[in-house]
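Student: Below you will find the structure I want to go over with you.
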Amino acid sequence: MKKYILAVMVGALCIMLFGCQKTPEESSVVSKEDGISGSVVCEPLKEGEKRKTDVPTHWEFEEKKSNDRVTIKADLRLGEQSIGNLPVIEMKSHGLTQEELKGLIDYFANSEELYKPQTVTKDVYQAVLDRISSKEGSYAQSAYSTSIASIQNATRKGMELAPDRTSAPEKVEIGFHEKSKDSGVEAARSWMSTESENTDTEDYFAADVGKDRTAHIEAERYNQEIDNDSSFLWMEGSDFVEEKTIEYEEMQNEYYSSYNMDTNGYAEKFHELADAYRKCMDKSTFTEEDGKKQAEQILEDLGIDGMSIVDSDRTVWFPKDACSENNGLGLGSDILWQGNLDKGVPGYLYSFSRSVEGLTSVSEGVVAEETADSYMPPFQIETISILITEEGVKYFKWDGIAEEVRTVAENTKLLPFEKIQEKLTNQIFYWYSGKGQSTNDTTLLEYDVLSAKLQYTYTTAYQEPKHAWMVPAWTFTVQESLGGNPLQNLSYVINAYDGSVIGEVY
(Lines give C-alpha, C1' and ligand atoms only; values in the text may rest on other atoms or scores of the structure.)
Protein backbone atom coordinates (compact mmCIF):
# COMPACT_ATOMS: atom_id res chain seq x y z
CA MET A 1 0.00 0.00 0.00
CA LYS A 2 2.84 2.40 0.87
CA LYS A 3 4.39 2.49 -2.61
CA TYR A 4 1.01 2.98 -4.27
CA ILE A 5 0.16 5.95 -2.07
CA LEU A 6 3.64 7.44 -2.55
CA ALA A 7 3.26 7.30 -6.32
CA VAL A 8 -0.14 8.96 -6.16
CA MET A 9 1.00 11.76 -3.87
CA VAL A 10 4.15 12.58 -5.82
CA GLY A 11 2.12 12.55 -8.99
CA ALA A 12 -0.31 14.95 -7.42
CA LEU A 13 2.52 17.42 -6.71
CA CYS A 14 2.87 17.48 -10.46
CA ILE A 15 28.99 7.53 0.42
CA MET A 16 35.75 5.17 2.80
CA LEU A 17 38.13 3.02 3.16
CA PHE A 18 41.88 3.07 3.94
CA GLY A 19 43.87 -0.12 3.39
CA CYS A 20 44.21 -2.61 0.56
CA GLN A 21 45.84 -0.07 -1.78
CA LYS A 22 45.49 3.61 -2.62
CA THR A 23 42.26 4.47 -4.39
CA PRO A 24 42.80 6.02 -7.83
CA GLU A 25 41.20 9.34 -8.74
CA GLU A 26 38.49 7.53 -10.71
CA SER A 27 37.55 3.88 -10.56
CA SER A 28 36.60 2.01 -13.72
CA VAL A 29 34.06 -0.78 -13.66
CA VAL A 30 35.01 -2.10 -17.06
CA SER A 31 38.15 -3.56 -18.67
CA LYS A 32 39.01 -6.49 -16.44
CA GLU A 33 38.34 -10.06 -17.53
CA ASP A 34 35.63 -10.46 -14.91
CA GLY A 35 34.24 -6.98 -15.61
CA ILE A 36 35.47 -5.35 -12.42
CA SER A 37 38.54 -3.15 -12.29
CA GLY A 38 41.54 -4.54 -10.44
CA SER A 39 41.88 -1.14 -8.80
CA VAL A 40 38.89 -1.86 -6.56
CA VAL A 41 39.68 -5.51 -5.76
CA CYS A 42 41.36 -6.39 -2.44
CA GLU A 43 42.81 -9.52 -0.97
CA PRO A 44 40.17 -11.15 1.27
CA LEU A 45 40.54 -10.61 4.98
CA LYS A 46 40.91 -13.48 7.40
CA GLU A 47 37.81 -14.64 9.24
CA GLY A 48 36.89 -12.10 11.89
CA GLU A 49 39.38 -9.51 10.63
CA LYS A 50 38.14 -5.93 10.25
CA ARG A 51 39.22 -2.79 8.39
CA LYS A 52 38.91 0.83 9.42
CA THR A 53 37.15 3.28 7.14
CA ASP A 54 37.52 6.98 6.44
CA VAL A 55 33.86 7.53 7.28
CA PRO A 56 33.64 10.44 9.76
CA THR A 57 32.28 9.58 13.18
CA HIS A 58 30.38 12.86 13.00
CA TRP A 59 29.41 13.73 9.45
CA GLU A 60 28.68 17.42 9.16
CA PHE A 61 28.62 19.65 6.11
CA GLU A 62 26.56 22.38 4.49
CA GLU A 63 26.62 23.47 0.86
CA LYS A 64 24.58 26.22 -0.76
CA LYS A 65 23.75 26.49 -4.44
CA SER A 66 21.64 28.52 -6.84
CA ASN A 67 22.25 31.91 -5.18
CA ASP A 68 21.75 30.39 -1.74
CA ARG A 69 18.22 29.33 -2.53
CA VAL A 70 19.24 25.68 -2.12
CA THR A 71 20.91 24.27 1.00
CA ILE A 72 22.23 20.71 1.16
CA LYS A 73 23.43 19.60 4.57
CA ALA A 74 24.12 16.72 6.93
CA ASP A 75 24.64 16.54 10.68
CA LEU A 76 24.80 12.85 11.58
CA ARG A 77 26.69 10.84 14.16
CA LEU A 78 27.80 7.77 12.21
CA GLY A 79 30.09 6.44 14.95
CA GLU A 80 33.26 4.40 14.55
CA GLN A 81 32.88 2.09 11.57
CA SER A 82 34.93 -0.96 10.67
CA ILE A 83 34.12 -3.56 8.04
CA GLY A 84 35.12 -7.05 6.99
CA ASN A 85 35.11 -8.45 3.47
CA LEU A 86 32.89 -6.73 0.93
CA PRO A 87 32.45 -9.23 -1.91
CA VAL A 88 30.67 -8.77 -5.21
CA ILE A 89 28.21 -11.57 -5.89
CA GLU A 90 26.39 -12.37 -9.13
CA MET A 91 22.70 -13.13 -8.83
CA LYS A 92 19.95 -14.19 -11.22
CA SER A 93 16.18 -14.35 -11.04
CA HIS A 94 14.82 -17.62 -9.71
CA GLY A 95 11.96 -19.30 -11.51
CA LEU A 96 9.42 -20.28 -8.87
CA THR A 97 8.67 -23.99 -9.33
CA GLN A 98 5.37 -25.80 -9.05
CA GLU A 99 6.68 -27.62 -5.97
CA GLU A 100 7.78 -24.36 -4.31
CA LEU A 101 4.44 -22.74 -5.08
CA LYS A 102 2.57 -25.67 -3.55
CA GLY A 103 4.79 -25.60 -0.46
CA LEU A 104 4.11 -21.91 0.15
CA ILE A 105 0.37 -22.31 -0.38
CA ASP A 106 0.17 -25.36 1.88
CA TYR A 107 1.95 -23.43 4.65
CA PHE A 108 -0.34 -20.40 4.57
CA ALA A 109 -3.68 -21.76 3.29
CA ASN A 110 -3.79 -24.50 5.94
CA SER A 111 -5.56 -27.02 3.69
CA GLU A 112 -8.51 -24.72 2.94
CA GLU A 113 -10.13 -24.85 -0.48
CA LEU A 114 -8.91 -22.39 -3.12
CA TYR A 115 -11.33 -20.40 -5.28
CA LYS A 116 -11.00 -18.29 -8.38
CA PRO A 117 -10.93 -14.57 -7.44
CA GLN A 118 -14.18 -12.81 -8.23
CA THR A 119 -14.47 -9.90 -10.64
CA VAL A 120 -15.12 -6.50 -9.01
CA THR A 121 -18.82 -5.69 -9.32
CA LYS A 122 -20.57 -2.43 -10.24
CA ASP A 123 -21.51 -1.61 -6.65
CA VAL A 124 -17.83 -1.33 -5.68
CA TYR A 125 -17.21 1.23 -8.43
CA GLN A 126 -20.35 3.09 -7.40
CA ALA A 127 -19.10 3.31 -3.83
CA VAL A 128 -15.93 5.03 -5.08
CA LEU A 129 -17.94 7.43 -7.22
CA ASP A 130 -20.21 8.23 -4.26
CA ARG A 131 -17.21 9.09 -2.09
CA ILE A 132 -15.85 11.34 -4.82
CA SER A 133 -19.18 13.13 -5.27
CA SER A 134 -19.64 13.70 -1.57
CA LYS A 135 -15.94 14.60 -1.07
CA GLU A 136 -15.44 12.00 1.60
CA GLY A 137 -12.03 10.94 2.92
CA SER A 138 -9.11 11.75 0.63
CA TYR A 139 -11.45 13.23 -1.93
CA ALA A 140 -11.94 16.24 0.36
CA GLN A 141 -8.32 17.31 -0.26
CA SER A 142 -8.63 20.21 -2.69
CA ALA A 143 -4.99 19.83 -3.77
CA TYR A 144 -6.00 16.61 -5.56
CA SER A 145 -8.79 18.14 -7.60
CA THR A 146 -7.15 17.56 -11.01
CA SER A 147 -6.35 13.93 -10.23
CA ILE A 148 -9.80 13.35 -8.76
CA ALA A 149 -11.50 14.40 -11.99
CA SER A 150 -9.40 11.84 -13.90
CA ILE A 151 -10.14 9.17 -11.32
CA GLN A 152 -13.84 9.82 -11.54
CA ASN A 153 -13.89 9.47 -15.34
CA ALA A 154 -11.79 6.29 -15.27
CA THR A 155 -13.97 4.77 -12.54
CA ARG A 156 -17.08 5.36 -14.59
CA LYS A 157 -15.48 3.59 -17.57
CA GLY A 158 -14.54 0.68 -15.32
CA MET A 159 -18.07 0.40 -13.94
CA GLU A 160 -19.49 0.11 -17.45
CA LEU A 161 -17.38 -3.04 -17.94
CA ALA A 162 -18.11 -4.54 -14.53
CA PRO A 163 -20.69 -7.28 -13.84
CA ASP A 164 -23.78 -6.59 -11.77
CA ARG A 165 -23.18 -9.44 -9.33
CA THR A 166 -20.48 -11.86 -8.31
CA SER A 167 -20.13 -15.14 -10.17
CA ALA A 168 -20.71 -18.57 -8.67
CA PRO A 169 -17.79 -19.96 -6.62
CA GLU A 170 -15.25 -21.80 -8.79
CA LYS A 171 -12.50 -23.93 -7.27
CA VAL A 172 -8.95 -23.70 -8.64
CA GLU A 173 -6.05 -26.14 -8.59
CA ILE A 174 -2.52 -25.09 -7.68
CA GLY A 175 -0.60 -24.34 -10.86
CA PHE A 176 0.61 -21.56 -13.15
CA HIS A 177 -1.68 -20.16 -15.83
CA GLU A 178 -2.42 -16.91 -17.65
CA LYS A 179 -3.10 -13.95 -15.42
CA SER A 180 -6.74 -13.36 -14.58
CA LYS A 181 -7.91 -10.14 -16.16
CA ASP A 182 -10.49 -7.71 -14.86
CA SER A 183 -11.19 -5.26 -17.68
CA GLY A 184 -13.15 -2.98 -15.37
CA VAL A 185 -10.27 -2.56 -12.93
CA GLU A 186 -7.83 -2.04 -15.80
CA ALA A 187 -10.00 0.75 -17.16
CA ALA A 188 -10.48 2.31 -13.73
CA ARG A 189 -6.71 2.41 -13.16
CA SER A 190 -5.97 3.96 -16.55
CA TRP A 191 -5.70 7.43 -14.96
CA MET A 192 -2.39 6.35 -13.45
CA SER A 193 -0.91 5.82 -16.95
CA THR A 194 0.64 2.54 -15.90
CA GLU A 195 2.41 0.47 -18.54
CA SER A 196 0.58 -2.64 -19.66
CA GLU A 197 2.02 -5.97 -18.60
CA ASN A 198 2.50 -9.06 -20.74
CA THR A 199 0.13 -11.42 -18.98
CA ASP A 200 -0.48 -13.90 -21.80
CA THR A 201 2.10 -16.44 -20.62
CA GLU A 202 1.23 -19.17 -18.13
CA ASP A 203 3.30 -17.79 -15.26
CA TYR A 204 0.64 -16.62 -12.79
CA PHE A 205 -1.51 -17.95 -9.97
CA ALA A 206 -4.26 -16.24 -7.99
CA ALA A 207 -6.83 -17.58 -5.54
CA ASP A 208 -9.07 -16.66 -2.66
CA VAL A 209 -8.77 -18.90 0.38
CA GLY A 210 -11.76 -20.66 1.95
CA LYS A 211 -15.47 -20.38 1.35
CA ASP A 212 -15.56 -17.07 3.21
CA ARG A 213 -12.63 -15.78 1.14
CA THR A 214 -10.90 -14.39 4.22
CA ALA A 215 -7.46 -14.55 2.57
CA HIS A 216 -5.98 -14.06 -0.87
CA ILE A 217 -2.96 -15.54 -2.69
CA GLU A 218 -1.06 -14.28 -5.73
CA ALA A 219 2.10 -15.69 -7.31
CA GLU A 220 4.20 -14.99 -10.38
CA ARG A 221 6.93 -17.08 -12.00
CA TYR A 222 10.04 -15.56 -13.61
CA ASN A 223 10.01 -15.81 -17.36
CA GLN A 224 12.95 -14.30 -19.27
CA GLU A 225 10.74 -13.59 -22.27
CA ILE A 226 8.50 -11.17 -20.37
CA ASP A 227 11.28 -9.75 -18.13
CA ASN A 228 9.45 -10.21 -14.83
CA ASP A 229 10.39 -11.47 -11.35
CA SER A 230 9.16 -14.37 -9.26
CA SER A 231 6.97 -13.32 -6.34
CA PHE A 232 4.49 -14.74 -3.84
CA LEU A 233 1.82 -12.98 -1.78
CA TRP A 234 -0.52 -14.28 0.92
CA MET A 235 -2.73 -11.89 2.83
CA GLU A 236 -5.55 -12.38 5.28
CA GLY A 237 -8.16 -9.68 5.79
CA SER A 238 -8.89 -6.51 3.85
CA ASP A 239 -5.76 -4.36 4.15
CA PHE A 240 -3.37 -2.73 6.62
CA VAL A 241 -1.94 0.72 7.22
CA GLU A 242 1.67 1.41 8.20
CA GLU A 243 2.74 4.24 10.50
CA LYS A 244 5.23 5.38 7.84
CA THR A 245 2.33 5.87 5.45
CA ILE A 246 0.57 8.07 7.99
CA GLU A 247 3.76 10.08 8.56
CA TYR A 248 4.14 10.64 4.84
CA GLU A 249 0.55 11.80 4.51
CA GLU A 250 1.02 14.22 7.41
CA MET A 251 4.12 15.66 5.73
CA GLN A 252 2.22 16.20 2.48
CA ASN A 253 -0.72 17.84 4.26
CA GLU A 254 1.56 20.26 6.11
CA TYR A 255 3.05 21.27 2.78
CA TYR A 256 -0.34 21.84 1.17
CA SER A 257 -1.50 23.90 4.14
CA SER A 258 1.59 26.11 4.13
CA TYR A 259 0.99 27.01 0.49
CA ASN A 260 -2.75 27.57 0.92
CA MET A 261 -3.51 24.50 -1.18
CA ASP A 262 -5.67 23.05 1.59
CA THR A 263 -8.88 25.03 1.34
CA ASN A 264 -11.12 22.52 3.14
CA GLY A 265 -9.25 22.13 6.44
CA TYR A 266 -8.27 18.63 5.32
CA ALA A 267 -4.93 18.64 7.19
CA GLU A 268 -6.64 19.18 10.54
CA LYS A 269 -9.10 16.37 9.87
CA PHE A 270 -6.32 14.03 8.81
CA HIS A 271 -4.37 14.87 11.98
CA GLU A 272 -7.32 13.62 14.03
CA LEU A 273 -7.43 10.46 11.92
CA ALA A 274 -3.68 9.91 12.39
CA ASP A 275 -4.09 10.23 16.16
CA ALA A 276 -6.84 7.60 16.08
CA TYR A 277 -4.58 5.20 14.15
CA ARG A 278 -1.73 5.70 16.61
CA LYS A 279 -4.04 5.10 19.58
CA CYS A 280 -5.01 1.81 17.95
CA MET A 281 -1.32 0.94 17.46
CA ASP A 282 -0.65 1.73 21.12
CA LYS A 283 -3.03 -1.08 22.12
CA SER A 284 -0.56 -3.76 20.99
CA THR A 285 -0.38 -6.64 23.48
CA PHE A 286 3.00 -7.96 22.32
CA THR A 287 6.43 -6.39 21.84
CA GLU A 288 8.23 -5.62 18.59
CA GLU A 289 10.86 -8.21 19.53
CA ASP A 290 8.22 -10.89 20.12
CA GLY A 291 6.80 -10.26 16.66
CA LYS A 292 10.27 -10.33 15.11
CA LYS A 293 10.87 -13.80 16.53
CA GLN A 294 7.61 -15.01 15.01
CA ALA A 295 8.53 -13.55 11.62
CA GLU A 296 11.99 -15.15 11.74
CA GLN A 297 10.38 -18.47 12.66
CA ILE A 298 8.28 -18.30 9.51
CA LEU A 299 11.42 -17.87 7.40
CA GLU A 300 12.97 -20.85 9.19
CA ASP A 301 9.84 -22.96 8.68
CA LEU A 302 9.93 -22.19 4.96
CA GLY A 303 13.64 -22.90 4.68
CA ILE A 304 14.48 -19.39 3.47
CA ASP A 305 18.13 -18.60 4.21
CA GLY A 306 20.34 -15.55 3.76
CA MET A 307 17.71 -12.96 4.71
CA SER A 308 18.17 -10.41 7.51
CA ILE A 309 15.81 -7.85 8.98
CA VAL A 310 16.03 -4.35 7.53
CA ASP A 311 13.42 -2.55 9.59
CA SER A 312 9.97 -2.78 11.16
CA ASP A 313 6.99 -0.51 11.34
CA ARG A 314 3.85 -0.32 13.46
CA THR A 315 0.64 -1.14 11.63
CA VAL A 316 -3.10 -1.48 11.96
CA TRP A 317 -4.48 -4.58 10.23
CA PHE A 318 -8.12 -4.85 9.22
CA PRO A 319 -10.04 -8.13 9.03
CA LYS A 320 -12.42 -8.83 6.17
CA ASP A 321 -15.20 -6.24 5.85
CA ALA A 322 -13.49 -3.87 8.33
CA CYS A 323 -11.93 -1.84 5.53
CA SER A 324 -12.31 -1.31 1.81
CA GLU A 325 -10.63 -4.07 -0.18
CA ASN A 326 -7.31 -3.07 -1.72
CA ASN A 327 -8.51 -3.52 -5.29
CA GLY A 328 -6.64 -0.63 -6.89
CA LEU A 329 -9.69 1.57 -7.43
CA GLY A 330 -9.63 5.29 -6.67
CA LEU A 331 -7.09 7.07 -4.50
CA GLY A 332 -4.95 4.61 -2.55
CA SER A 333 -4.81 7.00 0.41
CA ASP A 334 -8.59 6.85 0.79
CA ILE A 335 -8.23 3.41 2.36
CA LEU A 336 -6.94 5.17 5.49
CA TRP A 337 -10.34 6.83 5.87
CA GLN A 338 -12.36 3.66 5.32
CA GLY A 339 -10.79 1.47 7.98
CA ASN A 340 -13.01 0.64 10.97
CA LEU A 341 -10.56 1.29 13.80
CA ASP A 342 -12.90 -0.35 16.32
CA LYS A 343 -12.10 -3.61 14.49
CA GLY A 344 -8.51 -2.71 13.63
CA VAL A 345 -5.78 -4.93 15.11
CA PRO A 346 -2.33 -3.48 15.95
CA GLY A 347 0.74 -5.24 14.65
CA TYR A 348 4.23 -4.87 13.19
CA LEU A 349 5.37 -5.14 9.59
CA TYR A 350 8.87 -6.63 9.36
CA SER A 351 11.01 -6.16 6.24
CA PHE A 352 13.78 -8.60 5.38
CA SER A 353 16.30 -8.51 2.54
CA ARG A 354 19.18 -10.66 1.34
CA SER A 355 22.31 -9.92 3.38
CA VAL A 356 26.04 -10.12 2.62
CA GLU A 357 28.60 -10.24 5.43
CA GLY A 358 25.95 -8.90 7.80
CA LEU A 359 24.96 -5.99 5.56
CA THR A 360 21.38 -5.93 4.32
CA SER A 361 20.42 -4.93 0.79
CA VAL A 362 18.25 -2.12 -0.49
CA SER A 363 16.84 -1.23 -3.88
CA GLU A 364 15.04 2.08 -3.58
CA GLY A 365 16.91 5.00 -5.12
CA VAL A 366 16.47 8.05 -7.29
CA VAL A 367 18.42 8.74 -10.47
CA ALA A 368 17.96 12.47 -10.90
CA GLU A 369 19.92 12.65 -14.15
CA GLU A 370 20.71 9.81 -16.53
CA THR A 371 24.51 9.97 -17.00
CA ALA A 372 27.28 7.52 -17.87
CA ASP A 373 27.67 6.64 -14.19
CA SER A 374 24.00 6.09 -13.39
CA TYR A 375 22.03 2.96 -14.14
CA MET A 376 19.14 0.76 -13.16
CA PRO A 377 19.56 -2.81 -11.90
CA PRO A 378 17.96 -5.53 -14.08
CA PHE A 379 15.52 -6.67 -11.38
CA GLN A 380 14.50 -5.72 -7.88
CA ILE A 381 16.31 -6.69 -4.69
CA GLU A 382 14.95 -9.81 -3.04
CA THR A 383 12.79 -8.77 -0.10
CA ILE A 384 10.27 -10.35 2.25
CA SER A 385 7.62 -8.46 4.23
CA ILE A 386 5.77 -10.15 7.12
CA LEU A 387 2.94 -8.66 9.16
CA ILE A 388 2.48 -10.07 12.66
CA THR A 389 -0.41 -9.26 15.01
CA GLU A 390 -1.43 -10.73 18.38
CA GLU A 391 -3.40 -13.28 16.35
CA GLY A 392 -0.36 -14.36 14.35
CA VAL A 393 0.83 -13.80 10.78
CA LYS A 394 -1.55 -11.83 8.55
CA TYR A 395 0.59 -10.94 5.54
CA PHE A 396 3.58 -12.48 3.74
CA LYS A 397 5.07 -11.02 0.55
CA TRP A 398 8.20 -12.35 -1.15
CA ASP A 399 9.44 -10.21 -4.03
CA GLY A 400 12.34 -10.51 -6.49
CA ILE A 401 13.05 -14.16 -5.64
CA ALA A 402 16.66 -14.77 -6.72
CA GLU A 403 19.54 -17.24 -6.53
CA GLU A 404 23.33 -16.88 -6.34
CA VAL A 405 25.38 -17.59 -9.47
CA ARG A 406 29.01 -16.97 -8.40
CA THR A 407 31.33 -14.73 -6.39
CA VAL A 408 32.84 -12.14 -8.73
CA ALA A 409 35.28 -10.69 -6.19
CA GLU A 410 35.90 -11.84 -2.63
CA ASN A 411 36.68 -8.36 -1.36
CA THR A 412 36.58 -4.76 -2.59
CA LYS A 413 37.83 -1.42 -1.33
CA LEU A 414 35.69 1.65 -1.24
CA LEU A 415 35.79 5.10 -2.74
CA PRO A 416 36.79 7.85 -0.25
CA PHE A 417 33.77 9.09 1.61
CA GLU A 418 34.34 12.67 0.44
CA LYS A 419 33.81 11.51 -3.16
CA ILE A 420 30.60 9.78 -2.16
CA GLN A 421 29.46 13.02 -0.54
CA GLU A 422 30.22 14.87 -3.78
CA LYS A 423 28.19 12.36 -5.80
CA LEU A 424 25.28 12.74 -3.41
CA THR A 425 25.22 16.54 -3.48
CA ASN A 426 25.43 16.52 -7.28
CA GLN A 427 22.45 14.20 -7.52
CA ILE A 428 20.42 16.29 -5.09
CA PHE A 429 21.15 19.41 -7.11
CA TYR A 430 20.15 17.61 -10.33
CA TRP A 431 16.86 16.78 -8.64
CA TYR A 432 16.33 20.39 -7.62
CA SER A 433 17.23 21.67 -11.11
CA GLY A 434 14.53 19.47 -12.57
CA LYS A 435 11.95 21.50 -10.66
CA GLY A 436 12.66 24.50 -12.88
CA GLN A 437 12.58 27.18 -10.19
CA SER A 438 12.46 30.57 -11.90
CA THR A 439 15.08 33.24 -11.19
CA ASN A 440 12.44 35.44 -9.59
CA ASP A 441 11.28 32.74 -7.19
CA THR A 442 12.93 33.30 -3.80
CA THR A 443 11.52 30.15 -2.17
CA LEU A 444 14.20 28.43 -0.08
CA LEU A 445 14.67 24.69 -0.57
CA GLU A 446 16.52 22.56 1.97
CA TYR A 447 17.81 19.01 1.62
CA ASP A 448 18.72 17.44 4.98
CA VAL A 449 20.45 14.05 4.99
CA LEU A 450 18.53 12.08 7.59
CA SER A 451 20.43 8.78 7.36
CA ALA A 452 23.50 7.20 5.74
CA LYS A 453 24.12 3.44 5.71
CA LEU A 454 26.56 1.08 4.07
CA GLN A 455 24.45 -1.69 2.60
CA TYR A 456 24.23 -3.79 -0.58
CA THR A 457 22.30 -3.34 -3.79
CA TYR A 458 22.09 -4.61 -7.37
CA THR A 459 23.85 -3.37 -10.49
CA THR A 460 23.78 -4.93 -13.95
CA ALA A 461 26.18 -7.88 -14.28
CA TYR A 462 29.09 -7.53 -16.72
CA GLN A 463 28.19 -9.13 -20.07
CA GLU A 464 25.11 -10.68 -18.46
CA PRO A 465 22.30 -8.11 -18.78
CA LYS A 466 19.73 -10.49 -17.28
CA HIS A 467 21.90 -11.03 -14.16
CA ALA A 468 22.71 -8.64 -11.32
CA TRP A 469 25.77 -7.99 -9.20
CA MET A 470 25.28 -7.45 -5.49
CA VAL A 471 27.68 -4.62 -4.65
CA PRO A 472 28.36 -2.55 -1.51
CA ALA A 473 26.53 0.76 -1.68
CA TRP A 474 25.86 3.83 0.40
CA THR A 475 22.18 4.52 0.92
CA PHE A 476 20.92 7.93 1.95
CA THR A 477 17.55 9.29 3.03
CA VAL A 478 17.21 12.99 2.29
CA GLN A 479 14.33 15.19 3.44
CA GLU A 480 13.26 17.81 0.95
CA SER A 481 11.73 20.96 2.46
CA LEU A 482 10.33 24.03 0.75
CA GLY A 483 10.11 27.28 2.63
CA GLY A 484 10.93 25.41 5.83
CA ASN A 485 8.09 22.92 5.39
CA PRO A 486 8.97 19.23 4.89
CA LEU A 487 7.69 17.93 1.58
CA GLN A 488 8.98 14.39 1.09
CA ASN A 489 11.86 12.02 1.72
CA LEU A 490 14.13 11.06 -1.18
CA SER A 491 16.29 7.93 -1.37
CA TYR A 492 19.70 7.82 -3.03
CA VAL A 493 21.79 4.70 -3.58
CA ILE A 494 25.43 5.14 -4.65
CA ASN A 495 27.84 2.32 -5.54
CA ALA A 496 30.41 2.43 -2.74
CA TYR A 497 33.45 1.41 -4.82
CA ASP A 498 32.94 3.46 -7.99
CA GLY A 499 30.42 6.20 -7.11
CA SER A 500 27.85 5.31 -9.76
CA VAL A 501 24.25 6.15 -8.97
CA ILE A 502 21.74 3.33 -8.85
CA GLY A 503 18.05 3.86 -9.46
CA GLU A 504 14.96 1.92 -8.51
CA VAL A 505 13.36 -0.91 -10.47
CA TYR A 506 9.65 -0.21 -10.98
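Student: Suppose we keep just the DSSP beta bridges with both residues in segment 429-506; what percent of those would be antiparallel, to 5?
Tutor: The antiparallel proportion sits near 100 percent.
Student: Okay, next question. Considering all alpha-carbon pairs of segment 253-357, what whole percent are spaced by more than 19 angstrom?
Tutor: 60 percent
Student: Here is a further query. How far apart, in nm, are two points set 7 Å out from the Cα along the Cα-to-Cβ line at SER451 and at HIS271?
Tutor: So the label points at SER451 and HIS271 sit 2.6 nm apart.
Student: Still on this structure, I have one more. Could you work out how much longer the chain between ARG156 and ASP227 gets when fully extended? Use 0.36 nm per residue separation minus the Cα distance between them, nm to one decimal.
Tutor: Difference between extended and current length: 22.3 nm.
Student: Here is a follow-up. Label-point separation (nm) for GLU403 and ASP305, each offset 7 Å from Cα along Cα-to-Cβ?
Tutor: 1.4 nm
Student: Could you calculate the contour length gain from SER433 to LYS211, that is, 0.36 nm times the residue separation minus the distance between their Cα atoms, to one decimal place in nm?
Tutor: My answer for the length gained is 74.4 nm.
Student: On to the next question. If each residue of separation counts as 0.36 nm, what is the full-extension length gain between GLU296 and LYS73 once their alpha-carbon separation is subtracted?
Tutor: 76.6 nm
Student: State in Å² the accessible area per residue of the chain; use a 1.4 Å probe, count heavy atoms of protein chains only, and round to the nearest integer.
Tutor: 48 Å²
Student: About the Cα centre of segment 199-305, how large is the charge dipole given +1 on each Lys and Arg Cβ and -1 on each Asp and Glu Cβ? Please answer in debye to the nearest 20.
Tutor: 500 debye
Student: Please figure out what share of the DSSP beta bridges in the chain is antiparallel and state it in percent, rounded to the nearest 5.
Tutor: Among the beta bridges of the chain, antiparallel pairing accounts for roughly 95 percent.
Student: Which one, ALA187, HIS467, ALA207, is farthest towards the positive end of the dipole of the chain when Lys and Arg carry +1 and Asp and Glu -1 on their Cβ?
Tutor: Sorting the options by dipole projection puts first ALA187.
Student: Going down the table (LYS179/LYS435; LYS413/LYS453; LYS73/LYS435; LYS269/LYS394; LYS135/LYS244; LYS64/LYS269), which pairs top 27 Å between alpha carbons?
Tutor: Violating the 27 Å Cα-Cα cut-off are LYS179/LYS435; LYS269/LYS394; LYS64/LYS269.
Student: Then there's this: Points 7 angstrom from Cα along the Cβ direction at THR443 and THR121: gap in nanometres?
Tutor: Between THR443 and THR121, the label points sit 4.6 nm apart.
Student: For segment 203-242, calculate the relative contact order in percent as a whole number, restricting contacts to Cα pairs under 8 Å that are 6 or more residues apart.
Tutor: After rounding, I find 33 percent.
Student: Take the Cβ-Cβ distance between GLU288 and ASP321 as r, set R0 to 41 Å, and report the resulting FRET efficiency rounded to the nearest 0.05.
Tutor: Efficiency at R0 = 41 Å is approximately 0.90.
Student: Taking a virtual spin label 7 Å from the Cα of GLU178 along the C-beta vector, which residues in segment 135-163 bring their backbone nitrogen under 20 Å of it?
Tutor: 161-163
Student: If you don't mind, there's one more thing I want to ask. Label 7 Å along Cα→Cβ of LYS50; segment 441-458 residues with amide nitrogen under 20 Å?
Tutor: Under 20 Å, as judged by backbone N against the label point of LYS50, lie 452-456 of segment 441-458.
Student: Separate question: How large is the helix-only mean residue ellipticity at 222 nm for the chain, computed as the sum of -39500 (n - 2.57) over DSSP H runs with n ≥ 4, divided by its residue count, in deg cm²/dmol to the nearest 500?
Tutor: One gets -8000 deg cm²/dmol as the mean residue ellipticity at 222 nm.
Student: Hey, what did segment 201-308 get for relative contact order, percent, Cα under 8 Å, at least 6 apart?
Tutor: The value is 13 percent.
Student: Restricted to Cα positions, what overall size does the chain have along the principal axes? Three whole-Å values, descending.
Tutor: 70, 61, 45
Student: Still on this model: When the Kirkwood hydrodynamic radius is evaluated over all pairs of different C-alpha atoms of segment 88-190, what value in angstrom, to one decimal, is obtained?
Tutor: That comes to 17.1 Å for segment 88-190.
Student: Sticking with this one: What share of all Cα pairs of segment 388-506, in percent, falls into each consecutive 5 Å distance bin?
Tutor: Reading the bins upward from 0: 2, 9, 15, 17, 14, 13, 12, 8, 6, 3, 1, 0.
Student: What fraction of the Cα pairs in segment 132-269, stated in percent, has a spacing above 25 angstrom?
Tutor: Percent of Cα pairs beyond 25 Å in segment 132-269: 50.
Student: Next up: Which value, in Å² rounded to 10, gives the accessible area of ILE89 with a 1.4 Å probe and all protein chains present?
Tutor: Accessible surface of ILE89 is approximately 20 Å².
Student: Among residues other than ILE72 whose Cβ falls under 15 Å from its Cβ, what is the net charge (Lys/Arg +1, Asp/Glu -1)?
Tutor: -4
Student: A follow-up question, please. Would you mind telling me the share, in percent, of accessible area of the chain contributed by carbon and sulfur at probe 1.4 angstrom?
Tutor: Taking all protein chains in place, the chain shows 44 percent carbon and sulfur surface.
The values are calculated or read from the model by the stated rules, or taken from the named source; none is laboratory data. This structure is a prediction, so every number in the text was calculated from the model and none was measured. Glycine gets a Cβ as well: all are built from the backbone with ideal geometry, and neighbour counts include every protein chain shown. Surface areas here come from the heavy atoms of the whole protein model, side chains and all, with no ligands, DNA or RNA. Shrake-Rupley method; radii C 1.70, N 1.55, O 1.52, S 1.80 Å.
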